[in-house]
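The values are calculated or read from the model by the stated rules, or taken from the named source; none is laboratory data. Keep in mind that this is a model prediction, so the values were computed, not measured. Note that we place each Cβ from the backbone using ideal geometry, even for glycine, and neighbour counts take in every protein chain shown. Heads up: the accessible areas ignore ligands, DNA and RNA and are worked out on the full protein's heavy atoms, side chains in. Shrake-Rupley method; radii C 1.70, N 1.55, O 1.52, S 1.80 Å.
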Amino acid sequence: MSKKTLAENKRALFDYNILAKWQAGIKLTGPEVKAVKLGHFDLKGSYVSLLSRPGAKLPEAWLISAHIPKYSKAGYAQDSYNPLRNRKLLLNKKELNELVGKIRQKGLTILPMLAYTSQGLVKLEIGLGQGKKKFDKRESIKKREFERSKQRLMK
């Protein structure tokens with residue numbers, strides 16, 4: 001199973017403690033898939049929201065404000081294309097139930113962590129995050145700097 005990383009949300013790892021992770025498929029159009037596989041995909045500032053349709057038992061997971069630019073070779077097929085449109089995430093019923101239960105807790109958010117291809121399909125790794133406070137961020141910076149200096153001294 002070959003995994004090729006397409007996009008990474010490094011800011012989410014800095015701003016949030018990740019408590020759990022899931023793998024989800026993304027519903028994309030043909031030109032969007034080609035653009036994503038070329039590496040034109042930005043997860044910065046995006047998040048996952050659970051939106052319910054009227055009459056549906058379970059809500060659906062949607063990727064909000066992820067930027068996929070227009071595929072240059074698509075021509076007129078993408079005339080009225082919106083690069084920030086909402087994209088549906090493909091999760092099974094058990095995973096959706098788990099997300100609904102966890103998101104009800106105060107202070108938890110679902111974030112896109114990593115976009116990659118798996119067996120030719122575009123997948124998204126989403127994580128349940130709890131926001132870090134300012135002192136937590138400082139602590140993680142100190143820890144990272146300490147690890148770097150330790151590696152330099154060992155060389």
What number of residues in the stretch 9-24 are under 11 Å from the mean Cα position of the chain (by Cα) and either of a type in the set (S, T, N, Q) or modelled with pLDDT of 85 or more (or both)? 5
Checking L28 against (1) in a loop (DSSP other than H, G, I, E, B); (2) modelled with pLDDT under 85; (3) farther than 14 Å from E95 by Cβ, the condition it does not meet: (2)
If you go through the stretch 134-142 one residue at a time, do you hit one that is surrounded by 10 or more Cβ atoms within 10 Å (Cβ to Cβ) and part of a strand (DSSP E or B)? no
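In the list K4, K21, K44, which residue meets the criterion of being of a type in the set (D, E, K, R), touching a Gly at 6+ places or on another chain (Cβ under 6 Å) and outside any helix (DSSP H, G or I)? Working first, answer last.
Numbers: K4 fails: touching a Gly at 6+ places or on another chain (Cβ under 6 Å); K44 fails: touching a Gly at 6+ places or on another chain (Cβ under 6 Å).
Being of a type in the set (D, E, K, R), touching a Gly at 6+ places or on another chain (Cβ under 6 Å) and outside any helix (DSSP H, G or I) holds for just one of K4, K21, K44, which is K21.
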The one condition in (1) surrounded by 12 or more Cβ atoms within 10 Å (Cβ to Cβ); (2) closer than 17 Å to I68 by Cα; (3) of a type in the set (S, T, N, Q) that Q23 fails to fulfil: (2)
For L153, indicate whether it is among the hydrophobic types (A, V, I, L, M, F, W, C), part of a helix (DSSP H, G or I) and over 20 Å from Y47 (Cα atoms). yes
Meets criteria (touching a residue at least 24 places away in the same chain (Cβ under 8 Å), in contact with a His (Cβ under 7 Å, 6 or more places away or on another chain) and open to solvent by 30 Å² or more (accessible area, probe 1.4 Å)) for D15: no
Selected residue (only one of G129, G75 is open to solvent by less than 90 Å² (accessible area, probe 1.4 Å), farther than 22 Å from K21 by Cβ and not in a loop (DSSP other than H, G, I, E, B)): G75
Give the residue, chosen from K106, K44, K4, that is modelled with pLDDT of 85 or more and of a type in the set (K, R). K44
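Can you work out which of the residues in the stretch 78-117 that are of a type in the set (S, T, N, Q) and open to solvent by 60 Å² or more (accessible area, probe 1.4 Å) is nearest to Y16 (Cα to Cα)? Please lay out each step first, then the result.
So the first thing to find is which residues in the stretch 78-117 are of a type in the set (S, T, N, Q), and the list is 78, 80, 82, 86, 92, 97, 105, 109, 117.
Next cut, open to solvent by 60 Å² or more (accessible area, probe 1.4 Å) only: 80, 82, 86, 92, 97, 105.
On the way: S80: 35, N82: 28, N86: 22, N92: 25, N97: 22, Q105: 15 Å.
Filtering first and then ranking leaves Q105.
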The number of residues in the stretch 37-72 that are open to solvent by 50 Å² or more (accessible area, probe 1.4 Å) and over 23 Å from Y116 (Cβ atoms) is 6
